[in-house]
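Contents: one structure, followed by commentary.
The values are calculated or read from the model by the stated rules, or taken from the named source; none is laboratory data. Keep in mind the model is a prediction, meaning the values are calculated, not measured. Using ideal geometry, Cβ is built from the backbone for each residue, glycine included, and neighbour counts are taken over all protein chains shown. Surface accessibility is based on the protein's heavy atoms, side chains included, excluding ligands, DNA and RNA. Shrake-Rupley method; radii C 1.70, N 1.55, O 1.52, S 1.80 Å.
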Amino acid sequence: SSMLVDARTLPREADLAVFLRSTYRLPMRLACVDSGYRTEEIYRMCAGSAVLRAVRGDAGGGGIPITQRKVSLGPVTTTLHVVDVSWAKDLLHERAHGDRWELARGIPRAYLDQLTAERKQLVRTELSATTGRQREVWRWTPRAVGVANHFLDAEVYALAAAEIVGLGRPIDVT
């Protein structure tokens with residue numbers, strides 16, 4: 001199961017690892033940081049950290065939830081984890097509808113709005129080259145133009161962090 005403990009935007013200059021450790025006083029094995037914005041700054045921050053990982057989302061992961069590769073930008077080299085966001089959003093959706101996602105009291109409305117900012121939609125039907133059968137192609141798309149989905153992205157990357165450290169598969173206790 002998963003439980004949201006906080007929903008906020010940190011100031012740019014905040015040291016994420018220090019903030020997480022000092023605020024929650026919990027051991028942190030890994031945190032993923034979206035490198036799609038301020039890429040060089042994120043690579044530099046992650047290259048110098050034992051617990052932070054640069055991530056980027058990709059809607060066409062080809063069935064592989066997370067891949068990794070070395071990346072360089074200027075003098076900085078780090079490992080980039082590419083997350084199949086379709087896989088992650090499907091899994092989050094499954095957990096939300098299976099009572100395996102606990103929401104704390106008092107979470108901001110913006111969190112809920114952003115968590116539901118996308119929906120899975122049929123985008124086309126095509127002929128499979130391998131089987132010769134029709135297959136449906138589905139994509140996660142915004143519910144409205146310009147709607148924010150930052151907290152959904154944060155949940156996707158929290159799921160990726162759990163997967164990277166081997167905690168991504170929930171144990172069925174029934």
### Query
Is any helix in the chain, taking whole DSSP H runs, at least 20 angstrom long along its axis by alpha carbon and on average at least 1.6 on the Kyte-Doolittle scale, and which ones?
none
### Query
Quick one, which of (i) 19, 18, 16; (ii) 39, 17, 14; (iii) 28, 22, 17 is the actual semi-axes √(5λ) of the Cα gyration tensor in Å calculated for this model?
(iii)
#### Entry: Accessible area per residue in Å² at 1.4 Å probe, computed on the chain
65
### Summary
Rounded to the nearest 500, the 222 nm mean residue ellipticity computed for the chain from DSSP H runs (n ≥ 4, each -39500 (n - 2.57)) alone is -9000 deg cm²/dmol
### Query
With Rg and the Kirkwood Rh both taken from Cα atoms, where does Rg over Rh land for the stretch 89-156?
1.11
### Query
Rounded to a whole number, what % of the accessible area of the chain do carbon and sulfur atoms account for, probe 1.4 Å?
53
#### Entry: Gain on full stretching of the segment that runs from LYS120 to TYR24 - 0.36 nm per residue minus C-alpha separation
31.2 nm
### Task
Hand me the chymotrypsin sites (Phe, Trp or Tyr not before Pro) from the stretch 25-119 located in a DSSP loop with no more than 14 other Cβ atoms within 10 Å, in residue order please.
TYR37
### Task
Report the calculated FRET efficiency for GLU94 and ASP15 (r = Cβ-Cβ distance, R0 = 45 Å), to the nearest 0.05.
0.85
### Low-density loop cleavage sites - trypsin sites (Lys or Arg not before Pro) in the stretch 51-156, where at most 10 other Cβ are within 10 Å (DSSP)
ARG105, ARG133
### Summary
quick note, the stretch 46-171, DSSP beta bridge pairs, % antiparallel (nearest 5) is 75
## Note on the structure
Each label sits 7 Å from Cα toward the beta-carbon; between THR141 and ASP58 the label points are separated, in nm, by 2.3
#### Entry: Residue-count net charge about VAL123 - beta-carbon cut-off 14 Å; Lys, Arg +1, Asp, Glu -1
+2
### Task
Quick one: plug the Kirkwood hydrodynamic radius of the stretch 54-93 (C-alpha pairs) into Stokes-Einstein at 25 °C, 0.890 mPa s, and report D in µm²/s.
228
